[in-house]
Each structure stands twice: as structure tokens, then as C-alpha cells.
Amino acid sequence: MTAARTNTLGTLFWLVTAAAFTGAVALAFAYAPVERSMGIVQKIFYLHLPVAINTFLAFMVCFVASVGYLWQRRACWDDLADAAARVGVLLCSVVLLTGMLWGKAAWGQWWTWSPRLTFSLVLWLLYVVYLLVRGSIESTDRRALVGAVYGVIAFLDVPLVYLSARLMPDIHPASVSLAGPMKVALAAMFVPVTLMTAGLIVARFRLARHRAAAGAAHEIEAAAAPKPMNVRFDGGLI
Amino acid sequence: MTPAHYTIAAYVVGLGLMWGYVAAVYVARRRGR
């Protein structure tokens with residue numbers, strides 16, 4: 001596939017995603033009724049839940065790619081794990097921020113140390129540290145290996161976030177019952193959020209592969225270039 | 001702030017962060033060429 005064709009498809013993909021977001025937001029605000037007890041603030045739920053589910057999906061991709069790297073030791077698995085972790089951290093930030101805004105409006109406080117909120121914050125911190133650890137290791141192979149081991153271990157927090165509100169007393173609702181139009185609005189929001197997650201992981205993965213290819217080409221050029229005649233003992237040009 | 005303000009803020013922050021990251025990735029890609 002040519003680069004121009006890939007760019008056209010990419011632009012088309014994001015236009016479709018933007019249109020799907022517009023439709024989903026319109027359904028959430030204009031079609032779904034205002035919830036009786038919580039009022040308009042309940043509409044945050046239509047964004048909060050799909051982004052939370054997609055956070056789990058992004059971290060699951062990171063987990064699978066980490067296992068793939070440990071199995072095959074191929075750099076593309078490492079690039080995929082890195083891309084998915086970045087997107088997962090972004091989505092987890094959206095989940096925490098929309099949750100805090102909801103909490104302030106519904107409960108009167110920005111934050112409470114309930115099990116699900118605490119495990120969600122731990123999840124966000126785990127993957128922020130994952131990205132920081134990766135950034136601190138210069139060796140490509142070592143970074144990939146450490147990242148893969150970390151990516152497998154960090155994923156253990158995802159089931160804890162999911163199960164925490166179900167197994168322990170929590171202010172955060174474990175499940176909700178929705179009227180028909182509310183279910184439609186929620187289902188509609190899953191479409192653009194899932195497209196956004198997949199599109200971002202692919203775009204970030206392609207950026208990493210592009211940089212890796214550019215780096216390899218630069219190394220080949222440097223190796224093929226004629227060596228300077230006058231070189232000091234410390235390697236600097238005279 | 002009213003509940004409506006919190007609701008609008010949640011959508012602006014959420015969608016803004018996601019689309020902002022889309023733009024950042026594409027700007028990085030363009031500069032990388």
C-alpha cells in the first residue's frame with residue numbers, strides 16, 4: 001500500500017470516528033432521558049464507562065504484546081506494548097478525570113479512597129511508571145525485556161479494578177440498570193471510543209516502526225560513510 | 001458550578017485529551033519524516 005493511500009485511509013478513519021463521536025454525544029444529550037435521581041450529571045456515565053472498558057482493552061493489548069515479546073523477542077511486539085501502554089494511560093487519565101468530575105457533582109467530593117477508585121489510581125500509576133522505566137533504559141533489547149516483564153506483572157491490577165466494586169463494599173456502583181434509550185446512547189458511545197482506542201494504538205505503533213526504520217537507515221548510512229583520515233585518540237575530528 | 005457545568009467539563013476534558021493525543025501523534029509523524 002502506498003504512503004498516500006495509507007494517509008487517505010487514515011484521514012477517512014478519523015473523519016468516521018469524529019462523526020461517530022458527534023452522533024454518540026447527540027444521543028447522550030438529546031435522546032437519552034435525564035436520570036431521575038442524579039440528573040444531568042449521569043450523562044458523564046456514557047463517556048466514562050466506554051473509556052474505562054477501552055482502558056482495560058489497551059492494557060490487555062500491552063499484556064499480550066509483552067507475552068509476545070517474551071516468546072519471540074521481536075521488536076515489533078515491544079513497539080506494540082509501548083503504544084498500547086501510552087494509549088491506556090491516556091484513557092485511564094480520562095476515566096479518572098471524568099470520574100472525579102462526576103464524584104464532585106454527585107457525591108460532593110472530588111475523590112474518596114474506595115476500593116475501585118484506589119485500584120484505578122494504582123493502575124494509572126503502574127503504567128505511568130512503566131513508561132518512565134522504559135524511558136530510563138538506553139539499551140533497546142534491555143528496555144524491551146524489562147518492559148515485557150513489567151507489562152505482564154502490571155496487568156494483574158486490571159482484574160482487581162474490575163472485581164473490587166463487586167467483591168468489596170464500595171461507593172462506586174458495580175452495575176447499573178438503564179432504560180432503553182440510555183442503553184442505546186451507551187452502546188453508541190462504545191463505537192467511537194473503541195475506534196479511537198484502536199486507531200490511536202495503530203497510529204502510535206506505526207510512528208514507532210517509522211522511527212525504528214529511520215534509525216536503522218541512519219545507522220547504515222553512518223557505517224557506509226568514508227572514515228575521516230585525521231582522528232584524534234578521543235575520536236573527535238581534528 | 002452547577003451539575004451541567006461538571007457534565008460539560010467532563011466531555012470537554014475527555015474528548016479534548018483523546019483528540020489532542022491524535023493530533024500529537026500525527027504532528028510527531030509529520031516531523032519525523
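Throughout, read-outs are computed from the coordinates displayed, never taken from laboratory work. Owing to the predicted nature of the structure, the values given are computational and were not obtained by experimental measurement. Here the Cβ positions follow ideal geometry from the backbone for every residue, glycine too, while neighbour counts run over all protein chains shown.
If R₀ is 41 angstrom, what is the calculated FRET efficiency for the pair B:Ala4 and A:Ser139, using the beta carbon separation as r and rounding to 0.05? Computed FRET efficiency for B:Ala4 and A:Ser139 comes out at 0.20.
Net charge of the neighbourhood of A:Met189, taken over other residues with C-beta under 14 Å away and scored Lys/Arg +1, Asp/Glu -1, is +2. Per-residue Cβ neighbour counts within 10 Å put A:Ser177, A:Ser139, A:Ser114 in the sequence A:Ser177, A:Ser139, A:Ser114, beginning with the fewest. Rounded to the nearest 20, the Cβ-based charge dipole of the protein assembly as shown about its Cα centre (Lys and Arg +1, Asp and Glu -1) stands at 460 debye. The gain in end-to-end length when the A:Glu221 to A:Val129 segment is fully stretched comes to 29.6 nm, 0.36 nm per residue minus the alpha carbon separation.
Under 15 Å from a label point set 7 Å out along the Cα-to-Cβ vector of A:Val176, the amide N atoms of region A:104-119 belong to A:104-107. Is the shape of region A:83-126 best called rounded, prolate or oblate, per the rule: a/c under 1.5 gives rounded, else a/b larger than b/c gives prolate, else oblate, with a ≥ b ≥ c the square roots of the Cα gyration tensor eigenvalues? Cα axes put region A:83-126 in the oblate bin.
By the combined test of axial Cα extent (at least 18 Å) and Kyte-Doolittle hydropathy (mean at least 0.0), the qualifying DSSP H helices of chain A come to A:3-26, A:45-72, A:75-106, A:115-136, A:140-154, A:180-224. From the alpha carbon centroid of region A:1-34 to that of region A:58-73 is 29 Å. Label separation (A:Thr6 vs A:Trp111): 4.1 nm, computed from points 7 Å beyond Cα along the C-beta direction.
Listed from fewest to most Cβ neighbours within 10 Å, the set A:Ser37, A:Ser164 follows the order A:Ser37, A:Ser164. If the chain linking A:Leu70 and A:Tyr31 were pulled fully straight, counting 0.36 nm for each residue of separation and taking away their Cα-Cα distance, it would gain 9.3 nm. For region A:93-184, the share of alpha carbon pairs falling in successive 10 Å distance bins from zero is 15, 34, 29, 16, 6, 0 percent. Residue order for A:His48, A:His210, fewest other beta carbons within 10 angstrom first, comes to A:His210, A:His48. Expressed in Å, the radius of gyration and Dmax of the Cα atoms of region A:6-130 are 17.6, 54. If we count chymotrypsin sites (Phe, Trp or Tyr not before Pro) as exposed when they sit in a DSSP loop and have at most 16 other beta carbons within 10 Å, what is the longest stretch of chain A that avoids them all? Answer - A:114-232. Pairwise Cα distances in the protein assembly as shown exceed 35 Å for 27 percent of all pairs.
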